[in-house]
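Enquirer: This is the structure I want to talk about, given as structure tokens.
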Amino acid sequence: MTAAVLAGVGACLPSTVVPNEELVAWWEADAEWIRARTGIERRHVVSPGEATGDLAVAAGRRALASAGLGGVDAVVVATGTPDQLSPAVAPQVAVRLGLGPVAAFDVGAVCTGFLYALGAAAGLLAAGTAHSALVIGADAFTTVLDPDDLTTRAVFGDGAGAVVLRAGTAGEPGALAGVRLGSDGARHRLIEIPGGGSRQRATGQPVKESDLYFRMQGRAVFSQAVTRMAATARDSAADAGWAPGDVDRWVLHQANARILAAVARELRVPAERFVSNIATVGNTVAASVPLALADGMAGGHLRPGHRVVLAAFGGGLTWGSAATVWPDLPTPPPPAVPETAPVEGPDLTEPPAAVRRRSGGGTDQPRGR
């Protein structure tokens with residue numbers, strides 16, 4: 001049976017960086033309090049005019065270059081913050097990358113989105129619908145955060161990560177195995193943005209501004225995240241024929257440093273085997289796992305032959321995981337910066353007419369009360 005094989009990795013981070021010290025200047029808190037609670041020291045945020053599609057294009061271009069490919073047969077973008085409600089962002093990403101009229105669609109599973117996108121792309125390859133695919137996790141999640149809520153402002157950042165999959169054979173380095181996906185819609189209210197969708201619009205009532213912002217029930221989410229990620233990660237390892245102790249590296253959704261530590265305890269494996277970049281990027285939602293892959297490679301934590309398990313947990317509730325033996329890939333360059341979106345017009349492949357102005361702090365800095 002045809003297997004999906006990892007062939008390239010790329011990443012993108014916005015140029016605007018918000019350290020804890022800048023963030024807490026607007027609240028009665030201190031930088032060490034944020035670091036102690038979350039493990040986060042700084043995060044990247046989009047500047048005025050930057051959107052998810054810009055991040056996705058830059059990361060996708062890096063991944064294609066890493067794989068040595070000029071094109072692919074399909075593009076799958078995982079995001080919880082598409083450029084607009086409709087249409088999907090993936091076709092725009094495909095045309096901006098010059099990929100032609102390929103299959104392109106979005107996957108919405110919030111922080112688990114990248115794992116769901118991997119599963120969808122692997123299915124396309126297995127069915128013969130595509131022989132290669134670009135899978136991107138991208139989010140400009142700071143655009144949906146309440147500017148007066150430090151608990152979410154402290155945690156989330158923006159970014160994009162991407163991988164290229166090619167058709168190959170099971171058992172070769174980079175082949176995905178044990179892809180597991182799950183959900184529990186009965187708990188969908190634990191992680192949500194209540195307003196803006198058809199449910200709210202169908203009421204005929206004006207949406208409250210607060211309902212357009214992200215909400216999360218932290219304690220309940222913590223418990224679910226630890227339980228679900230540990231279970232699905234253990235299952236994927238078993239599908240690959242590994243006990244938890246056999247796994248060299250765990251690359252999990254970077255939600256919170258305490259969650260990662262709790263999963264390590266649940267699996268009874270050393271925390272040192274967990275690849276983590278949460279201190280420098282925060283929770284980047286669908287971009288979290290592929291950004292950690294790029295950082296793990298750049299830092300030498302992911303090496304050819306390593307037994308690796310990926311796992312994530314997010315809104316829906318959703319969770320997912322996969323296993324692979326890490327292939328010999330070129331070390332990715334530092335994350336790209338977002339590429340300016342083309343101006344509207346009949347030829348979307350033309351370069352932008354002007355360079356976007358950037359502000360020092362961006363529009364997503366918290367506002368004081």
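Enquirer: Grab the DSSP H runs of the chain that are 4 residues or longer, score each as -39,500 (n - 2.57), total them, divide by all residues and round the 222 nm result to the nearest 500 deg cm²/dmol.
Expert: Taken over the chain, the calculation gives -8500 deg cm²/dmol.
Enquirer: Can you tell me the order of 88-96, 317-325 when each peptide is scored by its average per-residue count of other Cβ atoms within 10 angstrom, highest first? Numbers along the way, then the final one.
Expert: Numbers: 88-96: 22.9, 317-325: 26.4.
In decreasing order of mean packing, 88-96, 317-325 become 317-325, 88-96.
Enquirer: Among DSSP beta bridges lying fully in the chain, give the percent that are antiparallel, nearest 5.
Expert: 70
Enquirer: Sorting check: for 270-283, 115-128, which peptide has the highest mean count of neighbouring beta carbons within 10 Å, and how do the rest follow?
Expert: 115-128, 270-283
Enquirer: For the modelled label position 7 Å from the Cα of Lys208 along Cα-to-Cβ, which residues of the range 113-154 have backbone nitrogen atoms closer than 16 Å?
Expert: Zone members listed by number: 146-149.
Enquirer: Of all the Cα-Cα pairs you can form in the range 29-164, what percent are over 20 Å apart?
Expert: Result for the distance tail: 47 percent.
Enquirer: What distance in nm lies between label points placed 7 Å from Cα along the C-beta direction at Thr2 and Ser15?
Expert: 4.1
Enquirer: Here's something else I'd like to know. Return the distance in nm (one decimal) between the two label points of a simple spin-label model at Thr151 and Glu22, each offset 7 Å from Cα along Cα→Cβ.
Expert: So the label points at Thr151 and Glu22 sit 2.5 nm apart.
Enquirer: Rg and Dmax of the range 208-289, Cα atoms, in Å?
Expert: 14.4, 50
Enquirer: Here's a follow-up. Within the chain, which DSSP H helices have Cα atoms that stretch 18 Å or more along the helix axis and a mean Kyte-Doolittle hydropathy of at least 1.6?
Expert: The qualifying helices are 113-127.
Enquirer: Moving on. Rolling a 1.4 angstrom probe over the protein heavy atoms, how many square angstrom per residue are accessible across the range 51-209?
Expert: 39
Enquirer: Ranked highest first by the average count of other Cβ atoms within 10 Å around their residues, in what order do 45-52, 189-196 fall?
Expert: So the peptides 45-52, 189-196, ranked by packing, come out 45-52, 189-196.
Enquirer: Turning to a different aspect of this structure: Using label points projected 7 Å from each Cα along Cα→Cβ, tell me how many nm separate Asp30 and His131, to one decimal.
Expert: 6.1
Enquirer: In the range 132-244, what percent of the accessible surface is made up of carbon and sulfur (1.4 Å probe, ligands and nucleic acids excluded)? Kindly include the intermediate steps, with their values, before the conclusion.
Expert: On the way: 2560 of 5050 Å².
C and S fraction of accessible area: 51 percent.
The values are calculated or read from the model by the stated rules, or taken from the named source; none is laboratory data. None of these values were measured; they are calculated from a predicted model. With ideal geometry, Cβ positions are generated from the backbone for all residues, glycine too; neighbour counts draw on all protein chains shown. Note: areas computed on protein heavy atoms with side chains; ligands, DNA, RNA excluded. Shrake-Rupley method; radii C 1.70, N 1.55, O 1.52, S 1.80 Å.
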